[in-house]
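**Student:** Take a look at the following structure, please.
The values are calculated or read from the model by the stated rules, or taken from the named source; none is laboratory data. Remember, it's a predicted structure, so these values are computed and weren't measured experimentally. No Cβ is skipped: glycine too gets one built from the backbone with ideal geometry, and neighbour counts run over all protein chains shown. Only protein heavy atoms, including side chains, enter the accessible area calculation; ligands, DNA and RNA are left aside. Shrake-Rupley method; radii C 1.70, N 1.55, O 1.52, S 1.80 Å.
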Amino acid sequence: RHLAKKPDQAAAEDGGLRDSFILSEFLPYLLNRAGVRIGLSFAKDIAHTGITLPMWRVLVALWQNGDQRLGELSERTSIDISTLSRLLLRMQREGYVVRRRSGLDGRALSLTLTAAGREITEQIIPVASRYEDVAINGMNPADVARLKRLLVKVYANIEAADARAEKASADEPDT
């Protein structure tokens, strides 16, 4: 039979972690919680269009930045290349994007929005903007700008840490 430990006994056994690690104040948890909440609600609101959240990220990235290569689009949307390739095939079948040979390098493929892709993107942008408005409700413009700068910094910090870890792993001799 399992006997529950008393809270003070559990805290002593975990070296005080229980007192110092507070999930509700843990930045990755807070970021994920907010992002998931916004993403699920937004996806539900645009479901009638047939556009999924990953499709939306592709559409708006192409709409905002013009033609892009697969690698650029993968980086911009935070969708890994193999998942993005499958998604783009679906989007191409549905008439939202086309693949073209790049003008600079005839071997490279460039992804472009179709007229239907531009139209659906511009139809969804006001919905996306409403979600941002709801998320920043009660914040002053300076706080919103600071929050956005800090989130960009958080992303850059994690990206740099991943790059250092990959380099360190590559530098290790094979055993």
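**Student:** Through the Karplus equation 6.51 cos²θ - 1.76 cosθ + 1.60, θ set to phi - 60°, convert the phi angles of region 70-87 into ³J(HN,Hα) values in whole Hz; use x for Gly and Pro.
**Tutor:** So the Karplus estimates, Gly and Pro as x, are 4, x, 4, 5, 4, 5, 5, 9, 6, 10, 5, 4, 5, 5, 5, 4, 5, 4 Hz.
**Student:** Follow-up. Where does helix 27-46 land angle-wise versus the long Cα axis of the chain, in degrees 0 to 90, nearest 10?
**Tutor:** So the helix axis and the longest Cα principal axis differ by about 40 degrees.
**Student:** At a threshold of 8 angstrom on Cα-Cα distance, excluding pairs fewer than six apart, so keeping six or more, what relative contact order does the chain reach in percent? If you can, show how the numbers build up before the last one.
**Tutor:** Details: 104 pairs, mean separation 28.2, N = 175.
Relative contact order of the chain: 16 percent.
**Student:** Which sequence of 40, 73 reflects their accessible areas, 1.4 Å probe, from the largest down? The partial results should precede the final answer.
**Tutor:** Values: 40 120, 73 0 Å².
Final ranking, largest accessible area leading: 40, 73.
**Student:** Using a 1.4 Å probe on the protein heavy atoms, what percent of the accessible area of the chain belongs to carbon and sulfur? Display every interim value, and only then the final one.
**Tutor:** Working: 7130 of 12760 Å².
Answer for the chain is 56 percent, counting heavy atoms of protein chains only.
**Student:** Out of residues 5 or more away from residue 97 or on other chains, whose amide H comes under 5 Å of its own, with H placed 1.01 Å from N in the peptide plane?
**Tutor:** Sorted by chain and number, the residues that satisfy this are 92, 114.
**Student:** Amide H neighbours of residue 68 under 5 Å, at least 5 residues apart or on other chains, H built in the peptide plane: list them.
**Tutor:** Counting only residues 5 or more places away or on other chains, the set is 111.
**Student:** How far is helix 53-65 tilted, in degrees, relative to the longest principal axis of the Cα atoms in the chain, given as a value from 0 to 90 rounded to the nearest 10?
**Tutor:** That helix lies at roughly 60 degrees to the long axis.
**Student:** Between residue 26 and residue 140, what is 0.36 nm times their sequence separation minus the Cα-Cα distance? Round to one decimal in nm.
**Tutor:** Values: separation 114, 0.36 × 114 = 41.04 nm, distance 2.38 nm.
Value of the extension gain: 38.7 nm.
**Student:** Report the label-to-label distance for residue 131 and residue 151 in nanometres (one decimal), using points 7 Å from each Cα along the Cα→Cβ vector.
**Tutor:** In this crude label model, residue 131 to residue 151 measures out at 1.0 nm.
**Student:** Just to be sure I understand the model, the point goes 7 Å from the Cα along the line to the Cβ. What's the resulting residue 165 to residue 36 distance in nm?
**Tutor:** 1.9
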